[in-house]
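Take a look at the structure below.
The values are calculated or read from the model by the stated rules, or taken from the named source; none is laboratory data. No experiment lies behind these values; they were computed from the predicted model shown. Ideal geometry is used to build each Cβ from the backbone, glycine not excepted, and the neighbour counts take in all protein chains shown. Surface accessibility is based on the protein's heavy atoms, side chains included, excluding ligands, DNA and RNA. Shrake-Rupley method; radii C 1.70, N 1.55, O 1.52, S 1.80 Å.
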Amino acid sequence: MSDSRDVQRAVDALSARLSRPVLIEDPAHSPLWWSLRGSIDEVQRRTILDRRVAPQATAMVRRLKLSTREGPLRTPAVPEVDMQERWCVPLRHGEEHLGYLWVIDPDHVVGGDSLGELEACAALATSVLAQTSLAAADTSGRRAALIDRLVHTRDEAVARALIELE
């Protein structure tokens, strides 16, 4: 079973192989994993260091409907916020949108076989995020069931189980 460290190793390897910065973020554009080979633009700098994204960049993501797309997609530059052209691979698990993989590529070096590498890294990140999402849903469901039992009974074993879960 893969974990977060495996994703970071894959991001580092992809970044080294492409000599390009790679960023994986959640659906709200919070950075999860990154590697900064090559130069970054202002949007990526702000995403990683300040944990915020320019409204113009998020507007471009919405306009292109990236959260519903599949496979690598080339996105345009947004010069007013110093966002260079890049590749985006939306992270999707079934119908669930889990985030984005970004590779800055203003000079169009990435393509061909490299796109398969982007997809492989995105697939690993998707797998880890889906596992995390399923685990969180399972924990939430168990918590709700235990709380419901406590509301209706004074069972010390249930209270201990809830404490352990938390």
I'd like to check something: does region 100-114 contain any residue that is modelled with pLDDT of 85 or more, over 17 Å from S15 (Cβ atoms), surrounded by fewer than 16 Cβ atoms within 10 Å (Cβ to Cβ) and small (G, A, S)?
yes
Which ones in region 106-130 are in a helix (DSSP H, G or I) and of a type in the set (A, V, I, L, M, F, W, C)?
L115, L118, A120, C121, A122, A123, L124, A125, V128, L129, A130
Are any of the residues in region 72-87 in contact with a Phe, Trp or Tyr (Cβ under 8 Å, 6 or more places away or on another chain), under 21 Å from V11 (Cβ atoms), among the basic types (K, R) and surrounded by fewer than 18 Cβ atoms within 10 Å (Cβ to Cβ)?
yes
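Conditions (1) part of a loop (DSSP other than H, G, I, E, B); (2) among the basic types (K, R); (3) farther than 17 Å from A122 by Cα, marked per residue:
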| site | (1), (2), (3) |
| --- | --- |
| A13 | no, no, no |
| R17 | no, yes, no |
| W34 | no, no, no |
| T58 | no, no, yes |
Residue pairs, Cβ under 9 Å, 6 or more apart or interchain, first in region 77-105 and farther than 14 Å from R46 by Cβ, second open to solvent by 50 Å² or more (accessible area, probe 1.4 Å) and in a strand (DSSP E or B). List them.
E85/R74; R86/R74; W87/R74; C88/R74; L98/R92; G99/L32; D105/R74
Just checking, does region 1-9 include any residue being open to solvent by 40 Å² or more (accessible area, probe 1.4 Å) and either over 22 Å from T126 (Cβ atoms) or among the aromatic types (F, W, Y) (or both)?
no
Restricting attention to region 16-39, the residues that are more than 17 Å from L98 (Cα to Cα), open to solvent by less than 60 Å² (accessible area, probe 1.4 Å) and touching a residue at least 24 places away in the same chain (Cβ under 8 Å) number exactly 5
Could you say which residue among R45, R52, R62 is open to solvent by 70 Å² or more (accessible area, probe 1.4 Å) and either in contact (Cβ under 8 Å) with a residue 12 or more places away in the chain or in a loop (DSSP other than H, G, I, E, B) (or both)?
R52
